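Just below is one structure, and these are the notes that go with it.
The values are calculated or read from the model by the stated rules, or taken from the named source; none is laboratory data. These numbers come from a predicted model, not from an experiment. FYI the Cβ positions are ideal-geometry reconstructions off the backbone, even for glycines, and counts take in every protein chain you see.
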Amino acid sequence: MKRGSAAPASTLDEATALLEAALAGAAREEIVEGLLGHGPSEALARLRRALRSHSFRTRSGTLDFERPTRKLDNRTRADGFRVLHSWNHRLHAFSDDVTPVLMLDYFVRAEVDEPDVRTVVAILIDYYFLHLLALCAMRCWDAADPDGALDRVTVLLGTLQGPGGSGHRFLDDAETAIIYALSQFHPEERAYDRFIDRFRALDVHRQTRFAMVSASVLSCHLRWGFWLMYGRDVLRMRDDNVGDYPWLLYSVAALMRAFVRGDDADPGTGHPAREDVVDALLQGLAADPWAFTGKGPPALKAHGEEHAELRRLLVEHGAQLVEELEAHRPSKEAYSPLGLHFNFPHNTLVALVATALIEGRPQTIPLNGLFVRDPGASKGTADLARAVMAYSGASPDRLGAHGARLVAYDALSGLRSFTMTVDALWELIPDDLGPRPTSADGDAPGDPDSAPA
């Protein structure tokens, strides 16, 4: 794998060193105290200027991120991605201001009665640093050791969300930060394929962790389209999401390989537990089970070898997979990520942050918490999913095309997705491995044309 030159590596080192200095000590507390000394309105105005200039004042001096941020951002734009700015689907253009500034502007327009300005300022500062960490995660291939650079970002994310900050939890690791950066709309679809190819050269367990979050995100995204946008027409969904399918295939194939290897949690290594791999594999397959159990869709024409490998593994190990999937069957009582749908993950994170700002209370469940099932039937995750759904439908300007909520949670559609996925798998399993069970809810499409309408 071709490595970056010393110059970009030094820029990445400079940025991460600055972030370590800003996040590990009392710098953020000093920034907040300095801003609040000017009164609520002026504090927000000064914070806006600081966010736009990438420069913050502390008691000991100024933390200036402008130079390394600009250089890393320019290199990432050359790769086809914009990490710091948001895509405006109405204007078909990226925002002029960075996303944390847009969030600050939203809060000001909301005119919250008696806002907790200290909490708001602290969360917005952390939200800004989250975006810098996502940018650093995207540039980890500039380093001689990308795996080590990714680990460094994960540690910094833990520091960001630990003591000394707002207490708000955004996401768990560098892999999720990359997916957050990748998953908003980018006009150059081939850029995704080029980026995924970088992961193929990394440690196999790193690929598994990346595939777990990728499968969850792509599943939420495509199932949102299937249920809310395309009238359960899987062919329309495929035609409108061509760029997602190679990434989805890579993710499901990586998870299926981990399933076949028998990977399980290894204390001290960060390797995921088998049940978590199975849960993510279920989500990835549920995005479009017929794409993997039947003939590959046109979007996967150039990936025939990987598609054939995945299909072979599903035939050979499908009976065991279906048996283990049963423990992950959704219910109306417990939270399941199969009930979560969104158009893009950043809209979900925006809703989590905006709700925290309005309520003046940091959110302790990160975005990753919505990607894992809650077998204990705790109401916390389900309540959070419903709160995000309520936010996404609270104003007409937050709705997508045809009035669809950008984030939705529905336990019943999760159960239906599970049934369709298992039924599609049984179509592949040889008859001598056991009789095909009857669907729990009566829906048993074996191909896209028989998907429920």
Screening ASP203, ASP197 for residues that are closer than 29 Å to ALA21 by Cβ and acidic (Asp, Glu) leaves only ASP203
For TYR106, all conditions in the list (1) assigned to a helix (DSSP H, G or I); (2) touching a strand residue (DSSP E or B) at 6+ places or on another chain (Cβ under 7 Å) hold save one; what is the number of the exception?
(2)
PHE81, sole failed condition from (1) assigned to a helix (DSSP H, G or I); (2) under 23 Å from TYR180 (Cα atoms):
(1)
Please work out which one of (1) modelled with pLDDT of 95 or more; (2) under 17 Å from the mean Cα position of the chain (by Cα); (3) assigned to a helix (DSSP H, G or I) is the condition ILE196 fails and give its number.
(1)
Within segment 101-119, identify whether any single residue is surrounded by fewer than 22 Cβ atoms within 10 Å (Cβ to Cβ), of a type in the set (Lys, Arg) and outside the structural domain of LEU406 (by TED's automatic domain parsing), and answer yes or no.
yes
Single residue of LEU72, LEU19 found to be farther than 25 Å from HIS168 by Cα and in contact with a Cys (Cβ under 9 Å, 6 or more places away or on another chain):
LEU72
Across segment 80-96, what is the number of residues that are surrounded by fewer than 16 Cβ atoms within 10 Å (Cβ to Cβ) and either of a type in the set (D, E, K, R) or under 16 Å from PHE344 (Cβ atoms) (or both)?
6
Among ASP383, ASP374, ASP397, which is the only one that is modelled with pLDDT of 75 or more, out of contact with any strand residue (DSSP E or B) (no Cβ under 6 Å at 6 or more places or on another chain), surrounded by fewer than 21 Cβ atoms within 10 Å (Cβ to Cβ) and closer than 21 Å to PRO345 by Cβ?
ASP383
Is it the case that LEU235 is under 30 Å from GLY148 (Cα atoms), in contact (Cβ under 8 Å) with a residue 24 or more places away in the chain and not assigned by TED's automatic domain parsing to the domain that holds ASP151?
no
Would you tally the residues in segment 155-171 being closer than 19 Å to LEU357 by Cα, of a type outside the set (S, T, N, Q) and touching a Phe, Trp or Tyr at 6+ places or on another chain (Cβ under 9 Å)?
5
Among (1) without any contact (Cβ under 8 Å) to a residue 40 or more places away in the chain; (2) surrounded by fewer than 16 Cβ atoms within 10 Å (Cβ to Cβ); (3) over 19 Å from ILE178 (Cα atoms), the one test that ALA50 misses:
(2)
Only one of (1) buried (at least 19 other Cβ atoms within 10 Å of the Cβ); (2) assigned to a helix (DSSP H, G or I) does not apply to HIS205, and that is (1)
Residues within segment 173-205 that are within 21 Å of THR159 (Cα to Cα) and of a type in the set (D, E, K, R), tallied:
2
Polar (S, T, N, Q) and over 28 Å from THR419 (Cα atoms) - does that describe any residue in segment 347-355?
yes
